[in-house]
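Below is one structure; the comments refer to it alone.
Just so you know, all these numbers are worked out from the coordinates, no wet-lab data involved. All values reported here derive from a predicted model rather than from experimental measurement. Here the Cβ positions follow ideal geometry from the backbone for every residue, glycine too, while neighbour counts run over all protein chains shown.
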Amino acid sequence: MNKILITGMKFLANVGHYNNEKLAGTNISIDVVLQTKTSETEFSDDIKNVVNYQHVYCLIKQIIINNSFNLLEKMADEIIKNLFKNFNEIEKIKIRIIKTNPQMGGEIDFVGIKIKSVRSKYFKN
């Protein structure tokens, strides 16, 4: 299996338990590690034979732009579910989402989550 890394995707998201977080928006950063099936076609030097990073980024961006979430965990679950749905080659996903400007009443670099998931959790064979 191969791993695809996409790190440091930055978005202004409507995420948070408190209304002011959703209204003002919250700066988030997302990293994903996608474990994919290995096949000989990957070495053909043809983008049609691999998971296209640009398509992954655009899918994540659309989820962030078009939705509002109370919890980072729900945001991560929605991203994971849609990645598995749209990319059959992906077998496992690790995602890290951090709020880079958390409204916690003090100085904090970030708060965030890390989640690992497998395709079989969402789609039974």
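Structure values in brief
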| read-out | value |
| --- | --- |
| Approximate spin-label separation K61-N27, in nm, with each point projected 7 Å along Cα-to-Cβ | 1.9 |
| Sparse-neighbourhood loop sites, trypsin sites (Lys or Arg not before Pro) in segment 1-108 - DSSP loop, at most 13 other Cβ within 10 angstrom | K37 |
| Within straight-line cross-link reach of K48, aspartates and glutamates at Cα separation under 15 Å, skipping those fewer than 8 residues along the same chain | E40, E89 |
| Under DSSP loop assignment and at most 15 Cβ neighbours within 10 Å, longest chymotrypsin sites (Phe, Trp or Tyr not before Pro)-free interval of the chain | 19-109 |
| Nearest 10 degrees, 0 to 90: helix 72-86 Cα axis against the chain principal axis | 20 |
| Local net charge near L12, Cβ-Cβ under 15 Å (Lys/Arg +1, Asp/Glu -1) | +3 |
| Residue-count net charge about M1 - beta-carbon cut-off 9 Å; Lys, Arg +1, Asp, Glu -1 | +2 |
| Rounded to 10°, Cα long-axis angle of helix 53-66 versus longest principal axis of the chain | 30 |
| Residues whose placed amide H lies under 5 Å from that of T100, excluding near-sequence neighbours | N27, I28, S29 |
| Net +/- balance of residues flanking I115 in space, Cβ distance below 9 Å, scoring K and R +1, D and E -1 | +2 |
| Virtual spin-label span in nm between T100 and H17, 7 Å along Cα→Cβ | 2.4 |
